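Comments concern the structure below.
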């Protein structure tokens, strides 16, 4: 249809012709999608619409400048908020709830509400949680609770141990082992309450990147800053997601419309502080299996650093190309430099410092 109004193949049509197209075929479109198209027409000061912008909008691909133009047009339209709509089904109300929990801009919430199909479902966080639970209960000592005071916990092939740092998989697989039922329980709750909604909105690729980046940063932080200690638990990935989410809420405080956000932020911070305090206390508590100390707490801090840098950039740029964001490249470069530094540290520093490590399990 657009080609009929652009016989010279310039890639543009006038906003008047574009509006006439919307009036003629608007009934065939979703109301929210039609609203965004009208905002696109209203945002253009040059009197013409770029065909590529139209394609990007219909295919859910947006640049930052394109979204800003849509936002300006949407403000002029002063349309009804998604929260005011009635007669929604249970699934529609759930999707709307997730949108208001995670997205600070009304145009983004409507965009997500229109485009979400639950295909694929938020499989990554659910899979990680299920695997962690069953490995925790089935593999470790064949017991329900893994006790770090039990000497056999160090013999597990998944946790990170400084003497076995050449086994590269341990920098990732340590997340499936936890130091007690309270450790596992809190991480599982945070993964499901925070990770699943974030994955529903931003997709498995972006959320899994933040999670895995936090996991790797956590184990590498332990290997650099707490060189004698092992590490267990998924706190690196969990703290990356939660800290990114909380930082995004603070940075967009007026735009976030989730209920009781101050109370919920306080509860989340208390839970995170409790878990971090427990990890610090456990680390410096006399070990029941000397000379190996208890698991380190540095993975928590590594996850937080990933969350407030890479994580925030990802959550702030919903459905936008990250390669267009300068801060994305800055933080990604810092992360890569840290990973490379930690790799060289693990290769050379342990021998150069002549550090006395606990014996291998």
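The values are calculated or read from the model by the stated rules, or taken from the named source; none is laboratory data. Owing to the predicted nature of the structure, the values given are computational and were not obtained by experimental measurement. With ideal geometry, Cβ positions are generated from the backbone for all residues, glycine too; neighbour counts draw on all protein chains shown.
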Check: When you scan the range 148-231 for helices (runs of 4 or more DSSP H) that lie fully inside it, which ones turn up with 1 or more residues that are more than 23 Å from the chain's Cα centre (by Cα), without any contact (Cβ under 8 Å) to a residue 60 or more places away in the chain and under 30 Å from residue 99 (Cβ atoms)?
Finding: none
Note to self: Can you say whether residue 271 is assigned to a loop (DSSP other than H, G, I, E, B) and either modelled with pLDDT under 90 or touching a helix residue (DSSP H, G or I) at 6+ places or on another chain (Cβ under 9 Å) (or both), as far as the supplied structure shows?
What the structure shows: no
Notebook entry, point to check: How many of the residues in the range 320-332 are part of a loop (DSSP other than H, G, I, E, B) and under 15 Å from residue 248 (Cβ atoms)?
Noted result: 1
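Counting only residues that are part of a helix (DSSP H, G or I) and either touching a strand residue (DSSP E or B) at 6+ places or on another chain (Cβ under 9 Å) or not assigned by TED's automatic domain parsing to the domain that holds residue 338 (or both), how many does the range 277-317 have?
Residues of the range 277-317 that are part of a helix (DSSP H, G or I), as a first pass: 277-284, 298-316.
With either touching a strand residue (DSSP E or B) at 6+ places or on another chain (Cβ under 9 Å) or not assigned by TED's automatic domain parsing to the domain that holds residue 338 (or both) added as a condition, the list becomes 298-299.
Within the range 277-317, residues that are part of a helix (DSSP H, G or I) and either touching a strand residue (DSSP E or B) at 6+ places or on another chain (Cβ under 9 Å) or not assigned by TED's automatic domain parsing to the domain that holds residue 338 (or both) number 2.
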Margin query: Going residue by residue through the range 164-178, is there one that turns out to be over 27 Å from residue 359 (Cα atoms) and surrounded by 16 or more Cβ atoms within 10 Å (Cβ to Cβ)?
Written below: no
Checklist line | Output for the range 86-119, where each listed residue is at pLDDT 85 or above, loosely packed, with under 13 Cβ neighbours inside 10 Å and either under 15 Å from the mean Cα position of the chain (by Cα) or within 20 Å of residue 202 (Cβ to Cβ) (or both) | finding: 91
